[in-house]
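Peer 1: My questions all concern the structure below.
The values are calculated or read from the model by the stated rules, or taken from the named source; none is laboratory data. Note that the structure is a prediction, hence the values are computed from the model and not measured. Here the Cβ positions follow ideal geometry from the backbone for every residue, glycine too, while neighbour counts run over all protein chains shown. Heads up: the accessible areas ignore ligands, DNA and RNA and are worked out on the full protein's heavy atoms, side chains in. Shrake-Rupley method; radii C 1.70, N 1.55, O 1.52, S 1.80 Å.
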Amino acid sequence: MGDAQKGLLSVIQKLKGAPEQELRIVLLGLDNAGKTTLLKCLASEEVSTITPTQGFNIKSVHSHGFKLNVWDIGGQRSIRPYWRKYLGSTDLLIYVIDSADQKRFEETGQELAELTEDDSLTGVPLLVFANKQDLVTAAPAAEIAEGLSLHTYRDREWQIQACSALSGEGVQDGMNWISSQIMNRKK
Amino acid sequence: MAAEEEEGDVEWVVDTIAGFLQGPAWSIPILEFMEQKCEVFDDEEESKLSYTEIYQEYQALVERLLEDHLKEVGINEEKFQEAFSSPLAKTHTSQAILQTVLAAEDFRLFKTMMVQKNIEMQLQAIRIIKERNGVLPDCLTEGSDVFSEIEQEEMKILREVLRKSKEEYEIEQDRKRTEEARGKVKSADVTCSSPGDSRATVQLKGSTEGADPAQEAPKTPLEGSRKSGREDLKPVRAFHKGTGSSAQPAGARGTEDARKTAPGKGSANTAPKTGLKGPNFSELEEQELKQREDYLKKKRDLLMATKKESRNNVLVPPTTEQKKEESPPKEEMSEEKQKLLQKRKMLAEKLKEEVINKRMLETH
């Protein structure tokens, strides 16, 4: 999309009369990480009947006077090449990890590393959810952060948050971090 | 003063764009796009990856249309921005007008629009099928939850009625055939003098070939001829007369007569059908007609021979002629039904094909 169109259409967009400012958040991670469950949790919806996502889901979450449009895109290997199509004008990236799936820590780390190299995500804040903490085999967030070498991510704000999308535990803490990021950026 | 002028300028820009968005230069390409691409959009909560590609195409289309128009009317981007940032833009436009533009910036609005269009088009298709056929073909009802059991029941009844009517028609045909055999002697005269109905119908064929509403009517006498050669000697001869003299003036009157002969329902039903089918159909029909003509010529020769024979043998009661003059309309009615049945079968086949193709495309 050219900048010209952004100009033309965004002007008309303002006529929609939405008082809130909208932000675009992309929710990524391997298959079975719990992205859609997290999305539904954020939108306060029922999380019991979730099937693997073949395409993508979008939901709006209202937080601190902002409208967060959250895009959850399927994480199966065959779909991952499509991720980059959804990265344009992203304000914040949420990356979800199945903390109990130790066998795939390396794979998920590689995917994240590749993602953050994408030009569209330069400087975009990153929130990692160490999901499935309700499982006894779940690795603690600090261990995962180390495995992902998060400390090497220097050109962006990042945060890792342990959570259980199923129970909702820790999710709100993550959202609070997101809000603080947005507020900081506004200043 | 300057401020007033500026306001007038802004107003003009906004009104120009609003006018453009309501005109055909905008709505036709947008609608065309939606109709072509809406097929994959269902109202599942989860979106398909393919929606994104279509959405991007839509964004490009909207961008192009808007830019082209701005260039055409000489509004530069600054003026446009200024105009649409002013409060005037809100009062001079409505959400309805802007929806198609906003959809280019709002995927969910776009998806809603496309899902709606898809449902609209499906309903339209179903309505057209119903209008054409009177009933829905099996392929659209079996395994579908759209149609209630009551409707299915109704269709069963309709099918039964059609079957019965066909049976009755055949019995009637048999009865006539035996009657005809008795009436053969006089029939040479009858053929020539049989005035009104059949001849009018056939002349109509000659003069309004390919005209939509009448398509079915002229076919019927010939169709009948093929099935039972005997009594159709009459229409065939009349047919030759009709084309031979190509009686143009008789056309109008002929149409009226034909309508009376093949009563209201038949022609009224066929009007939209043939209208939609277009010229291909009449070409096909012409071919068929020729084949039938040839076939009937042979039959006629055979019949002439039989008649000569029977004329020598049988004497006919005078009442037969009366009866014969009454029978053609009745017969055409049932022919009409026959014809309809055939057409329905064809349509159902076609539909089945289309639906199957569609499904195959969708699964790929």
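Peer 1: Let me make sure I get this right: for the range A:126-166, a, b and c are the square roots of the gyration tensor eigenvalues over alpha carbons, sorted descending. Under 1.5 in a/c it's rounded, otherwise prolate if a/b > b/c, else oblate. Which is it? Display every interim value, and only then the final one.
Peer 2: Details: a/c = 4.48, a/b = 1.84, b/c = 2.43.
Cα axes put the range A:126-166 in the oblate bin.
Peer 1: Over the whole of B:53-59, what's the average partner chain Cβ count within 10 Å per residue? Rounded to a whole number, please.
Peer 2: 1
Peer 1: Say we join alpha carbon atoms closer than 10 Å with springs in a Gaussian network model of chain A; which of A:Q21, A:Q172, A:Q159 then has the biggest fluctuation?
Peer 2: Between A:Q21, A:Q172, A:Q159, it is A:Q21 that shows the largest mean-square fluctuation.
Peer 1: Protein chains only, probe 1.4 Å: how do B:E180, B:E120, B:E151 rank by accessible area, largest first? Intermediate results must be reported in sequence, preceding the final value.
Peer 2: Values: B:E180 25, B:E120 95, B:E151 65 Å².
Sorted by accessible area, descending: B:E120, B:E151, B:E180.
Peer 1: List the accessible area buried at the contact between A and B, summed over both sides and calculated with a 1.4 Å probe, in Å² to the nearest 100. Could you put the intermediate results ahead of the total?
Peer 2: Working: alone 10230 and 22470 Å², together 29800 Å².
So the total buried area for this chain pair works out to about 2900 Å².
Peer 1: Calculate, for B:L158 and A:R77, the FRET efficiency according to 1/(1 + (r/R0)^6) with r their C-beta to C-beta distance and R0 60 Å; round to the nearest 0.05.
Peer 2: Values: r = 52 Å, r/R0 = 0.87.
Plugging the Cβ-Cβ distance into 1/(1 + (r/R0)^6) gives 0.70.
Peer 1: If you count only protein heavy atoms and use a 1.4 Å probe, how large is the accessible surface of B:Y295, to the nearest 10 Å²?
Peer 2: Approximately 90 Å² for this residue.
Peer 1: May I ask you to evaluate 6.51 cos²θ - 1.76 cosθ + 1.60, the Karplus curve with θ = phi - 60°, for each residue of the range A:44-52 and list the ³J(HN,Hα) values in order in whole Hz, giving x for glycine and proline?
Peer 2: Per-residue couplings from phi come out as 6, 10, 4, 10, 7, 10, 10, 10, x Hz.
Peer 1: Sticking with this one: Of A:R77, B:R344, A:R185, which has the most accessible area with a 1.4 Å probe, and how do the rest follow in descending order? Please list the in-between numbers first.
Peer 2: Details: A:R77 155, B:R344 50, A:R185 115 Å².
Per-residue accessible area, sorted high to low, gives A:R77, A:R185, B:R344.
Peer 1: Using only Cα atoms, what Kirkwood radius does the range A:21-186 have, in angstroms? Write down the numbers at each step before the final one.
Peer 2: On the way: mean 1/r = 0.0638 Å⁻¹.
For the range A:21-186, inverting the mean 1/r across all distinct Cα pairs yields 15.7 Å.
Peer 1: May I ask for the net charge around B:M34, where only other residues with Cβ less than 14 Å from the Cβ of B:M34 are counted and Lys, Arg are +1 while Asp, Glu are -1?
Peer 2: Values: positive: B:K37, B:K111, B:K117; negative: B:E32, B:E35, B:E39, B:E57, B:E120.
So the surrounding residues net to -2.
Peer 1: Another question about this same structure. Any chance you could look up the accessible area of A:W83 with a 1.4 Å probe, heavy atoms only, rounded to 10 Å²?
Peer 2: Per-residue accessible area (A:W83): approximately 10 Å².
Peer 1: In sequence order, what are the phi-derived ³J(HN,Hα) couplings for the range B:42-59 according to the Karplus relation 6.51 cos²θ - 1.76 cosθ + 1.60 with θ = phi - 60°, rounded to whole Hz, with x for glycine and proline?
Peer 2: Each residue's phi maps through the Karplus curve to give 10, 9, 5, 5, 6, 9, 7, 4, 5, 4, 5, 4, 5, 4, 5, 4, 5, 4 Hz.
Peer 1: Protein chains only, probe 1.4 Å: how do B:S47, A:S48, B:S94 rank by accessible area, largest first?
Peer 2: Numbers: B:S47 5, A:S48 85, B:S94 50 Å².
I get A:S48, B:S94, B:S47, largest accessible area first.
Peer 1: What is the projected area of the convex hull of the Cα atoms of the range B:2-122, averaged over all directions, in nm²?
Peer 2: 7.9
Peer 1: Of A:T90, A:T49, A:T116, which has the largest mean-square fluctuation in a 10 Å C-alpha GNM of chain A?
Peer 2: Highest fluctuation among the options: A:T49.
Peer 1: Can I ask one more? Using only protein heavy atoms and a 1.4 Å probe, report how much of B:S165 is accessible, in Å² to the nearest 10.
Peer 2: Roll a 1.4 Å probe over it and B:S165 shows about 20 Å².
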